[in-house]
Amino acid sequence: MRPAGSGDLDGHSIGSAMTYITENSTLVIETAEKDKSHKYYLIPTTVAKEGLNKLHVKGNKLHIYNDHTFVASHFAAITPCQICSKTIPRRIGRQGYMCRDCRLICHKHCHHKTELTCPASNVCKMEMIYVEEAKKTEKELEKDNEKRKKEMEKLQKEAEKKAAVDKKEAEKEAARVAREREKAEKEAGKERAKIEKEAEKKKSEEEKKVSKTKTTAS
């Protein structure tokens, strides 16, 4: 997508030592959505140099040049670079690039030196989202998170308020039950006292009756 030319920004991203950054090609991050579609975020070289880890966008890194879509790849066997013809060193990790459309293989630092245009390119089908829009999305996500946080705080306060009301109601109910128990105990005490008094009165009357009977007999 960008014409060949010398660039003083060639090198690796501060945020990712494995991501080769150059101003001669276009860096795009491809993300997979829940509906199995893809989004493509175009990342300016200056932003990439600052560190890709600062962006909320995570996904496959695509390096686009001359309509080739290069992706970092691992080559287990001895593989020659199809641009400079030199061997790509064998090592752990993704040590080179491969165009995922036409399968062109090369060194990372050679991908922007190819003069051939990709014959099977799908770049035209990518709908690019510029990083400014990605930042806007990030701000929207922060806003949503802040809104969600406030809603959670509100729900927590309401729950605490309800718990306090429930506690107060429970204390009122406990006090009412205690008063009713006390009242019932007092009434029961009065009833016992009344029964005892009536029993004493009846006993006294019987004793008088017995005493009177003895006197009459004498």
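A few comments on the model shown:
- Candidate set from the stretch 67-84 (those that are modelled with pLDDT of 95 or more and open to solvent by 60 Å² or more (accessible area, probe 1.4 Å)); member that is farthest from residue 22 (Cα to Cα): 80
Matching residues to (1) open to solvent by less than 100 Å² (accessible area, probe 1.4 Å); (2) modelled with pLDDT under 85; (3) part of a helix (DSSP H, G or I):
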| position | (1), (2), (3) |
| --- | --- |
| 135 | yes, yes, yes |
| 147 | no, yes, yes |
| 167 | no, no, yes |
| 176 | yes, no, yes |
| 181 | no, no, yes |
| 190 | no, no, yes |
| 195 | yes, no, yes |
| 212 | no, yes, yes |
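- Failed condition for residue 103, given (1) open to solvent by 30 Å² or more (accessible area, probe 1.4 Å); (2) at negative phi; (3) among the basic types (Lys, Arg): (2)
- Matching residues, the stretch 114-133, being surrounded by fewer than 16 Cβ atoms within 10 Å (Cβ to Cβ) and touching a Cys at 6+ places or on another chain (Cβ under 9 Å): 116, 119, 120
The values are calculated or read from the model by the stated rules, or taken from the named source; none is laboratory data. Owing to the predicted nature of the structure, the values given are computational and were not obtained by experimental measurement. Cβ coordinates were reconstructed from backbone atoms using ideal geometry, including for glycine residues, and neighbour counts include every protein chain displayed. SASA here: full protein model, heavy atoms, side chains in, ligands and nucleic acids out. Shrake-Rupley method; radii C 1.70, N 1.55, O 1.52, S 1.80 Å.
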